[in-house]
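A quick write-up on the structure given underneath.
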Amino acid sequence: MTQRELAAYLSCTQVAYSRYELGKRDIPTQVLIALAKFHHTSTDYLLGLTNIEKPCPSK
């Protein structure tokens, strides 16, 4: 998937998404949640707070 395609999914520009990837811009909470859902993982994993890639199943 290209940055442009993922940016469209997140409703932001490709430039904004590129800056998130490069660490030049903080990722808004809603974008972080959307990325976690897209990748089927947790926000903690995306932020490097855990090594557990897959979150616990929802009850």
Problem set entry | Sequence of 17, 9 from largest to smallest accessible area, 1.4 Å probe | 9, 17
Seminar exercise, completed: Note on the chain: contact order normalised by length, alpha-carbon pairs under 8 Å, 6 or more apart, percent, works out to 18 percent
For this session: First obtain the Kirkwood hydrodynamic radius of the chain from its Cα pairs, then insert it into the Stokes-Einstein equation at 20 °C and 1.002 mPa s, and state the resulting D in µm² per second as a whole number.
Result: 177 µm²/s
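The values are calculated or read from the model by the stated rules, or taken from the named source; none is laboratory data. Quantities reported herein were computed from a predicted structural model and do not represent experimental measurements. Side chains are part of the model used for accessible areas, which takes the heavy atoms of the whole protein and leaves out ligands, DNA and RNA. Shrake-Rupley method; radii C 1.70, N 1.55, O 1.52, S 1.80 Å.
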